[in-house]
1. Please tell me if Asp75 is within 20 Å of Gln31 (Cβ to Cβ) and either surrounded by fewer than 20 Cβ atoms within 10 Å (Cβ to Cβ) or among the acidic types (Asp, Glu) (or both).
2. Looking only at segment 54-77, which residues are over 13 Å from Lys114 (Cα atoms) and polar (S, T, N, Q)?
3. Quick one: which residue in Ala166, Ala222 is farther than 23 Å from Leu273 by Cβ, in contact with a helix residue (DSSP H, G or I) (Cβ under 6 Å, 6 or more places away or on another chain) and assigned to a helix (DSSP H, G or I)?
4. Within segment 234-246, is there a residue that is outside the structural domain of Gly178 (by TED's automatic domain parsing), touching a Ser or Thr at 6+ places or on another chain (Cβ under 6 Å) and at pLDDT below 90?
5. Is there any pair linking a residue in segment 245-262 that is free of Cβ contacts under 8 Å to residues at least 60 places away in the same chain to one that is in a helix (DSSP H, G or I) and of a type in the set (Asp, Glu), with Cβ under 6 Å and at least six apart or on different chains, and which?
6. May I ask you to list the residues in segment 142-164 that are under 8 Å from the mean Cα position of the chain (by Cα) and modelled with pLDDT under 90?
7. Just to check your reading of the model, which residue among Arg61, Arg85 is part of a loop (DSSP other than H, G, I, E, B) and either at pLDDT below 90 or closer than 30 Å to Ala149 by Cβ (or both)?
8. Find the residue count for segment 88-141, including only residues that are modelled with pLDDT under 85 and within 15 Å of the chain's Cα centre (by Cα).
Amino acid sequence: MSLVDPTPTAGADDLIKDGSDAGFMADVIAQSKIQPVIVDFWATWCGPCRTLTPALEKQVRAAGGAVKLVKIDVDKNPAYAGQLRVQSIPTVYAFVDGQPVDGFQGAVPESQIKAFIEKLSGGAGVNTDVQQLLALGEESLGLDDFGGAAQAFAHVLTMEPENEDAIAGMARVYLAGGDADQARQTIAMAPADSKNAAVVSLRAKLALASAAPASETEALEAALRANPADHQARYDLSLAQAAAGDLKGAATSLLDIIQADLEWNDQAARKQLLVVFEAAGLSSDIAKDGRRRLSSILFA
């Protein structure tokens with residue numbers, strides 16, 4: 001029996017295209033920034049490809065233009081298959097905004113192909129895509145890749161303009177980059193009464209950042225060495241530490257005041273400590289350790 005080449009016949013609609021290494025950037029990377037692109041890596045000698053490719057074509061056409069299909073013969077075009085570590089065929093990748101976001105291997109049932117495309121085109125998969133992008137933004141922030149983080153959070157906001165995690169993420173990018181004013185403008189996009197933990201934390205950080213100049217830290221530490229009982233100097237030090245991003249140090253300074261004089265200045269230290277906990281995140285180690293120490297002080 002002769003092999004059946006899965007290449008579409010002339011006159012096939014432009015939703016399905018034969019791809020190549022030379023055209024990969026234009027057909028897949030650039031196009032996926034407009035709509036999702038599915039890439040089918042196949043070969044003429046591959047039996048399962050003869051089952052999968054027609055099913056892919058059918059479901060792509062059925063999606064009515066929501067996605068495109070690019071088919072790449074790995075024997076003729078090995079470069080991108082190698083970069084994507086395609087180890088067996090057929091292998092299918094889905095690209096969105098220039099990046100591979102999903103995929104599978106083998107000749108899967110047509111129902112699975114349909115679900116795969118529905119997920120890409122905005123059906124059941126939207127929430128999953130949003131969560132993946134949010135996770136990518138968080139990971140990028142942790143690596144100080146502010147450009148990557150901004151791109152991920154901005155992508156979420158194009159899909160869900162009121163997503164509070166993405167709003168807070170974008171504001172954190174600005175704050176980490178030293179643009180507190182833009183961070184304030186961005187976080188203002190979230191509801192004023194938001195209970196979202198990321199929004200609450202970012203707003204607390206912005207409040208702390210504007211409370212005192214970080215440059216005062218050395219002078220205040222010197223004042224405390226001269227007079228450890230100077231609660232106002234220690235309180236001001238906590239503000240400077242928080243402004244510099246040292247939330248652990250700020251919490252320690254405030255707890256030292258509380259331990260020495262709980263009622264000092266109408267419990268100002270205790271009130272400020274709660275703001276520090278919010279900025280750090282109520283489930284953070286800083287907040288957990290601080291609450292434990294606060295409890296031991298209050299109930300000693």
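1. It is false that Asp75 is within 20 Å of Gln31 (Cβ to Cβ) and either surrounded by fewer than 20 Cβ atoms within 10 Å (Cβ to Cβ) or among the acidic types (Asp, Glu) (or both).
2. Of everything in segment 54-77, just one residue is over 13 Å from Lys114 (Cα atoms) and polar (S, T, N, Q), namely Asn77.
3. Ala166
4. yes
5. If the second residue must be in a helix (DSSP H, G or I) and of a type in the set (Asp, Glu), no pairs are left.
6. Matches in segment 142-164: Ala149, Ala152.
7. Only one candidate passes the filter, namely Arg85.
8. 7
The values are calculated or read from the model by the stated rules, or taken from the named source; none is laboratory data. Note that the coordinates shown come from a computational prediction; the quantities given were computed from them, not determined experimentally. As a convention, Cβ positions derive from the backbone with ideal geometry for all residues, glycine included, and neighbour counts pool all protein chains shown.
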